[in-house]
Amino acid sequence: MDIYLVGGAVRDRLLGIEPKERDWVVVGATPDELLDRGFKPVGKDFPVFLHPDTSEEYALARTERKSGHGYHGFEFHAAPDVTLEDDLVRRDLTINAMARDAGDRLIDPYGGQSDLEARLLRHVSPAFVEDPVRVLRVARFAARFAPLGFTVAGETMLLMRRIVEDGECEHLVAERVWQETQRAMSEPAPRAFVEVMRKCGALAVVFPELDALFGVPQRAEWHPEVDAGKHLLLVMDQAARLSNDPQVRFAALLHDLGKGITPAEELPSHHGHDVAGVALVDEFCNRLRAPRDYHRLARMVCREHLNCHRVRELKPAAVMRLLERVDALRQPRRFERFLLACEADARGKQGRADRDYPQADYLRRCREAVARVSAKPLADAGLEGAELGERLRERRIAAIRELQARAG
C-alpha cells in the first residue's frame with residue numbers, strides 16, 4: 001500500500017501556515033489490511049480508520065457517484081484499484097486536491113499550487129455541482145482566505161449558481177449547514193461568507209432572513225451606509241475585529257433580522273425591529289439546530305441591543321431590569337459576549353468604526369455595583385422569601401442610582 005498526506009495540511013504548508021491536523025489517503029489496500037495493522041474503523045459511509053498510535057484519520061482511496069439529492073445522495077467505491085488521482089478528483093477545490101508522498105514530493109494533478117499562487121478558489125471538476133454542501137464550503141474558505149487576497153474563480157461561481165438554480169440547496173441537512181456556518185464564524189473574515197453566499201444566490205435559499213436585509217433602507221442620520229445589508233457586513237467586520245468568539249459573531253450576524261420585515265410604509269424607520277426580530281432569530285436557530293448557548297445569546301442581542309445603546313438614558317430601575325433580562329449576575333461570560341456584539345453593532349456603520357462605545361463600560365460598572373449589594377444583612381435582619389427579594393432589588397436599584405449620580 002501507498003500512503004499520502006492530503007488536503008488542508010498540504011495546502012497550508014504551501015501557504016506557510018502550520019497545519020492544525022493531518023489527513024491521509026491509503027492507496028492499494030483493503031479494510032482488512034488496515035485492521036491487521038491495528039487501525040480502528042470509524043467511517044460509516046466509507047472506510048475511514050484511526051492510526052493506532054497518532055489517532056490521525058486514514059481513508060481508503062475512493063470514488064463517488066451521485067445517486068440522489070443533497071449531501072447524502074452519493075454511492076462510494078473504495079478498492080485497491082482506486083488511484084490517488086481518482087481520489088483527489090472528487091474533492092471540492094484544487095487547493096484541497098494536492099498530496100505529498102512518503103518522500104515529501106508534491107503531487108498536484110489539478111493545478112492547486114498555481115491556484116494558491118493566483119489566490120483563487122477553483123473547483124476541481126464538473127462533479128463539483130453534485131454536492132450542495134460545497135457552496136457553503138467555498139463560502140467558508142472565502143471567509144478564511146479573503147485576508148490573503150483569495151477570491152472565488154468566475155467559473156466556480158457559475159457552478160455554485162447552477163447548484164442553487166437546480167434546487168440542490170433545498171436538500172441541505174441542518175447539521176451540515178450549521179457545521180459550515182459555525183466554522184465560518186470562526187474564520188478571519190466572516191463577512192466574506194455572507195457575500196459569497198449572496199453572490200451565488202444561496203443566501204436567499206439557505207438564510208432568507210439575512211438576504212431580506214439587502215436593499216432595505218435605514219435612516220441616514222443613524223446609518224450613513226443606509227442599506228441594512230451593508231450595515232450587516234460592516235457589523236461582521238467589527239465583530240471579527242473585537243472578538244474571535246464565534247458566539248459573538250453569530251449574535252452579530254442575527255441582531256437586525258427584524259429590519260427585514262419592516263412594513264414598506266414605515267421605511268426608512270425600523271421602530272420595534274428589536275422585538276420583531278426575536279421570532280426570526282428563533283426560527284433561524286431552530287431550523288439550523290444551533291446549540292442553545294448560540295441561540296440564547298443571539299436572541300438576547302436581537303432583543304436588547306437598542307437598550308444597550310441607550311443605557312445612559314435609562315432610569316435606574318430600567319437598567320436593573322436590563323441586567324436581569326440578560327442575566328448579567330449569573331452569566332458574566334455571556335454578559336461580556338452580549339456587550340461585544342452590541343459594540344460591534346454600534347461600530348458597524350460607515351465612518352464610525354473607531355468610535356468609542358462607553359455604554360459597555362457603564363453597564364459593566366452597573367453590574368459590579370449591583371453585585372456588591374449583599375443579601376446577607378437583610379437575611380440577618382429576618383427578611384426572607386419575596387420580601388427579601390424585593391428589598392434586595394431596591395438596594396440594587398439604589399446602587400445604580402448612586403453610580404449614575406457620581407457619573408453625572
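Data overview
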{"read-out": "Among the residues listed as Ala317, Ala298, Ala240, Ala279, the single one being touching a Lys or Arg at 6+ places or on another chain (Cβ under 7 Å), of a type in the set (Gly, Ala, Ser) and in a helix (DSSP H, G or I)", "value": "Ala240"}
{"read-out": "Search result, residues across segment 362-392 that are outside any helix (DSSP H, G or I) and among the aliphatic types (A, V, I, L, M)", "value": "Val373, Ala375, Ala381, Leu383"}
{"read-out": "Gln359 being in contact with a Lys or Arg (Cβ under 8 Å, 6 or more places away or on another chain), in contact (Cβ under 8 Å) with a residue 12 or more places away in the chain, more than 30 Å from Glu170 (Cα to Cα) and not in a helix (DSSP H, G or I)", "value": "no"}
{"read-out": "Tally of residues being out of contact with any Phe, Trp or Tyr (no Cβ under 9 Å at 6 or more places or on another chain), aliphatic (A, V, I, L, M) and either farther than 28 Å from Arg144 by Cα or touching a residue at least 40 places away in the same chain (Cβ under 8 Å) (or both) across segment 11-28", "value": "1"}
{"read-out": "Top-ranked residue in segment 345-372 [being closer than 16 Å to Asp327 by Cα and of a type in the set (Gly, Ala, Ser); ranked as surrounded by the fewest Cβ atoms within 10 Å (Cβ to Cβ)]", "value": "Ala371"}
{"read-out": "Selection count where residues are under 17 Å from Cys342 (Cα atoms) and either of a type in the set (Gly, Ala, Ser) or buried (at least 22 other Cβ atoms within 10 Å of the Cβ) (or both), scope segment 275-301", "value": "6"}
{"read-out": "Neighbours by Cβ (under 8 Å, 6+ apart or cross-chain): first from segment 51-63, exposed (fewer than 14 other Cβ atoms within 10 Å of the Cβ); second not charged (D, E, K, R)", "value": "Pro52/Gly38; Pro52/Phe39"}
{"read-out": "Filter pass, Asp87 being in contact (Cβ under 8 Å) with a residue 40 or more places away in the chain, within 24 Å of Arg183 (Cβ to Cβ) and not assigned by TED's automatic domain parsing to the domain that holds Pro188", "value": "yes"}
{"read-out": "Set Arg162, Arg137, Arg176: member being under 23 Å from Leu15 (Cβ atoms) and either outside any loop (DSSP other than H, G, I, E, B) or touching a residue at least 60 places away in the same chain (Cβ under 8 Å) (or both)", "value": "Arg137"}
{"read-out": "Qualifying residues in segment 207-221 (those that are touching a Pro at 6+ places or on another chain (Cβ under 8 Å) and assigned to a loop (DSSP other than H, G, I, E, B)) - the one farthest from Thr262 (Cα to Cα)", "value": "Ala220"}
{"read-out": "Top-ranked residue of segment 373-390 - restricted to ones that are more than 30 Å from Pro358 (Cβ to Cβ) and surrounded by 16 or more Cβ atoms within 10 Å (Cβ to Cβ), ranked as modelled with the highest pLDDT", "value": "Leu378"}
{"read-out": "The listed residue being at pLDDT below 95 and farther than 13 Å from Val6 by Cα, out of Ala127, Ala102, Ala118", "value": "Ala127"}
{"read-out": "Where Arg333 falls short, out of the listed (1) touching a residue at least 24 places away in the same chain (Cβ under 8 Å); (2) part of a helix (DSSP H, G or I)", "value": "(1)"}
{"read-out": "Failed item, numbered, when Ala204 is tested on (1) in a helix (DSSP H, G or I); (2) in contact (Cβ under 8 Å) with a residue 24 or more places away in the chain; (3) among the small types (Gly, Ala, Ser)", "value": "(2)"}
{"read-out": "Pair list, Cβ under 9 Å, 6 or more apart: segment 180-198 residue under 15 Å from Pro147 (Cβ atoms), other residue at pLDDT below 95 and assigned to a helix (DSSP H, G or I)", "value": "none"}
{"read-out": "Residues satisfying the stated conditions in segment 245-271, i.e. more than 28 Å from the chain's Cα centre (by Cα) and either under 28 Å from Glu336 (Cβ atoms) or assigned to a loop (DSSP other than H, G, I, E, B) (or both)", "value": "Pro263, Leu267, Pro268, Ser269"}
{"read-out": "Any chance Asp256 is closer than 29 Å to Val370 by Cα and out of contact with any Cys (no Cβ under 6 Å at 6 or more places or on another chain)", "value": "no"}
{"read-out": "Test: residue in segment 73-96 that is farther than 18 Å from Ile163 by Cβ, in a loop (DSSP other than H, G, I, E, B), touching a helix residue (DSSP H, G or I) at 6+ places or on another chain (Cβ under 7 Å) and at pLDDT 95 or above", "value": "no"}
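Each row is one residue, and each column tells you yes or no for (1) modelled with pLDDT under 95; (2) assigned by TED's automatic domain parsing to the domain that holds Val248; (3) buried (at least 22 other Cβ atoms within 10 Å of the Cβ).
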| site | (1), (2), (3) |
| --- | --- |
| Leu136 | no, no, yes |
| Ala143 | no, no, yes |
| Gly149 | no, no, no |
| Val152 | no, no, yes |
| Leu158 | no, no, no |
| Arg161 | no, no, no |
| His171 | yes, no, no |
| Arg176 | no, no, no |
| Arg183 | no, no, no |
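The values are calculated or read from the model by the stated rules, or taken from the named source; none is laboratory data. As the structure is a computational prediction, the values presented were derived from the model and not from experiment. Virtual Cβ from ideal backbone geometry, glycine too; neighbours counted across all protein chains shown.
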